[in-house]
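Derivation of every value follows stated rules applied to the coordinates shown; laboratory data play no part. Predicted, not measured: the structure shown is a model, and the values here were computed from it. Because the Cβ atoms are built from the backbone with ideal geometry, glycine has one as well, and the counts that use them run over all protein chains shown.
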Amino acid sequence: MQTAANWVVLDALLNALDAGKLHAQVDAEVRSSLVDWQKWLAKNAGDGSVGASRAEAAATIGKYLADPKSVKLRPLPVIPPGAPI
């Protein structure tokens, strides 16, 4: 479950950057956080499916930061209607 949530967060951050609507300071902080996250993923590779997911996430971050057009962004999940429970 945590791995799936991590991917949603990564997708949301990349989509926010790609939209180009962030204030310059926020954009810089998100990019800096992505670099930090990429370094953490490299240091804490993990095993099995967790390791594969972390390696893919690190590669995705690196590719996006180097050339945003090289990464096909996934759409964010649709939030169901209604008030949160």
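Structure values in brief
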item	result
Within the chain, helices (runs of 4 or more DSSP H) holding 3 or more residues that are surrounded by 15 or more Cβ atoms within 10 Å (Cβ to Cβ), among the aromatic types (Phe, Trp, Tyr) and over 15 Å from the mean Cα position of the chain (by Cα)	none
Inter-residue pairs, beta-carbon under 9 Å, first in contact (Cβ under 8 Å) with a residue 12 or more places away in the chain and within 15 Å of Leu65 (Cβ to Cβ) and in segment 21-37, second of a type in the set (Phe, Trp, Tyr) and surrounded by 14 or more Cβ atoms within 10 Å (Cβ to Cβ), 6+ apart	Leu34/Tyr64
Pairs with Cβ under 8 Å, 6+ apart, first in segment 61-81 and closer than 23 Å to Ala4 by Cβ, second part of a loop (DSSP other than H, G, I, E, B)	Lys63/Val71; Tyr64/Val71
